[in-house]
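Input: a single structure, listed below in structure tokens.
The values are calculated or read from the model by the stated rules, or taken from the named source; none is laboratory data. Just so it is clear, the model here is predicted, and its values are computed rather than measured. Using ideal geometry, Cβ is built from the backbone for each residue, glycine included, and neighbour counts are taken over all protein chains shown. Ligands, DNA and RNA are excluded from the accessible area calculation, which covers all protein heavy atoms including side chains. Shrake-Rupley method; radii C 1.70, N 1.55, O 1.52, S 1.80 Å.
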Amino acid sequence: MAADVRPTKDLGEFKAAIGAIFHYFGGGLDDERSNRFSKLLPFERMHAAFDGERIVGGAGVFPFQMTIPGGAVACAGVTVVGVLPTNRRRGILTAMMRAQLEDVRDRGEPIAALWASEEVIYRRFGYGLASLAGEIAIPSGYNKLRQAADERASSRLIPLEDAKAVVQPVYDRVCATTPGMFHRSDLWWEFRSLADPPDRRQGGGEKNVLVLELDGEPVGYAIYRVFSKFEGGSAAGHIAVIEALADGPTATRELWRVLLDMDWLAEIRADLMPIDHPLLHQLTYPRRMQMRVGDGLWVRLVDIGAALSARGYGAEGTVVFEVEDAFLPDNAGRWKLSEGAAKRTDEPADLALDVGELASPYLGGFSFTELVHAGMIRELTEGGAARADAIFATSSPKPWCPEIF
Ligand SMILES: CC(C)(COP(=O)(O)OP(=O)(O)OC[C@H]1O[C@@H](n2cnc3c(N)ncnc32)[C@H](O)[C@@H]1OP(=O)(O)O)[C@@H](O)C(=O)NCCC(=O)NCCS
């Protein structure tokens, strides 16, 4: 029988509920860390699953605004989902997902988004693949850029504790135009982005913050760690770029020039890159970027009408979707998108699809046509997918989220 699920009420319950996933991280959850976590994830957004009196699972939500093409929308950032090994495969995750999504819907958040520990888990709950992320490793001998350095560029290292005032405005500007990025609160900067607890360094040095300026104005930054190593007397270390954001192509190029030029490195690595990163075109040896692409954000349209109506569109036109939603049946049905608003309709549908498939073009990461070609969307009227693609077209960059939350 599935467990009882309800939101946590106090720090004790909260700690036990996030304790389920921390079990798999190897523990390390004390009261202080739980308390810090609860500043970003309120008790009432953390669901706990009970086996009798015992808490055996948890699933949380960071409430934030996520950028979508043409605007931003309230989004449930799903996180710390776990069920203790003693209670797995008894439907507890399913019960938590149901309680969580119903809560998200009742709060009026049109979408939910998450990073999946395993990509097999979340489709059954109506999530669809909405963005990709690229991992790169550039060997030090192949760090040349095609264009000459801009003489206006200079860089400086700043202390982590002073960084927020300089880096946050850059982040906010990039966030505003990049679907899939989410707004970071002051607390988020303090407790996550600019926090550097030694147990999160994974053998690397401390977090460095490098600011890139053009004519003395901050236009980019990089947060990175040095992993220093020598083998046979030669440098064999690498730097791991945690986050590097900049305003536009020149700032991006000059920021990466500094990162790529560092001494004592065999390689420069970054795990979460946008797949359309300009560096590919800026490098003299683009093949050496060695980008390995994997799934990024998984998005769930919790309220199809509100989610589609919040989005901006590239062209006028009408398209009717016949949407299946086995997990949230009230969300299913026929939806007509016209003049930027989605309403229920009885008109014949152009495309038949599962709610997870509708999440794939939502941020602009995938087209309806490619999902038709994959056999995941049925085209009911000729040219329906091409029409939907024209309407959903966006001049935004590819959707991308710089951080696993
Ligand atoms: C993933 C996890 C939360 C699943 O919890 P659970 O209570 O065992 O899941 P449920 O019993 O509700 O499973 C629902 C369905 O998903 C399937 N499923 C769940 N986790 C799966 C996995 N990791 N791989 C394959 N299938 C999985 C189940 O087989 C079941 O399928 P069915 O409906 O066809 O029988 C749990 O195994 C866990 O905590 N794992 C480690 C932490 C983790 O990965 N958390 C997710 C972070 S994003």
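Numbers at a glance
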read-out: Positions within the stretch 102-145 being open to solvent by 30 Å² or more (accessible area, probe 1.4 Å), among the aromatic types (Phe, Trp, Tyr) and under 30 Å from Phe64 (Cα atoms), in sequence order; value: Trp115
read-out: Enumerated strands (runs of 3 or more DSSP E) restricted to the stretch 218-324, each holding at least 3 residues that are open to solvent by 20 Å² or more (accessible area, probe 1.4 Å); value: 237-246, 265-273, 292-295, 318-324
read-out: Extreme residue, farthest from Ala113 (Cα to Cα), among residues of the stretch 331-361 that are open to solvent by 20 Å² or more (accessible area, probe 1.4 Å) and touching a Ser or Thr at 6+ places or on another chain (Cβ under 6 Å); value: Ser338
read-out: Any hit, the stretch 51-67, residues being modelled with pLDDT under 95, within 27 Å of Ser131 (Cα to Cα) and open to solvent by 20 Å² or more (accessible area, probe 1.4 Å); value: no
read-out: Subset of the stretch 77-117 [in contact with a His (Cβ under 8 Å, 6 or more places away or on another chain) and within 7 Å of the ligand (Cβ to nearest atom)]; value: Gly82
read-out: Meets criteria (open to solvent by 20 Å² or more (accessible area, probe 1.4 Å) and part of a loop (DSSP other than H, G, I, E, B)) for Ala148; value: yes
read-out: Number of the exception - Pro69 against (1) within 30 Å of Ser396 (Cβ to Cβ); (2) without any contact (Cβ under 8 Å) to a residue 24 or more places away in the chain; (3) more than 8 Å from the ligand (Cβ to nearest atom); value: (2)
read-out: Whichever residue in the stretch 123-144 is over 15 Å from the mean Cα position of the chain (by Cα) and under 23 Å from Leu308 (Cα atoms) and, among such residues, is farthest from the ligand (Cβ to nearest atom); value: Gly126
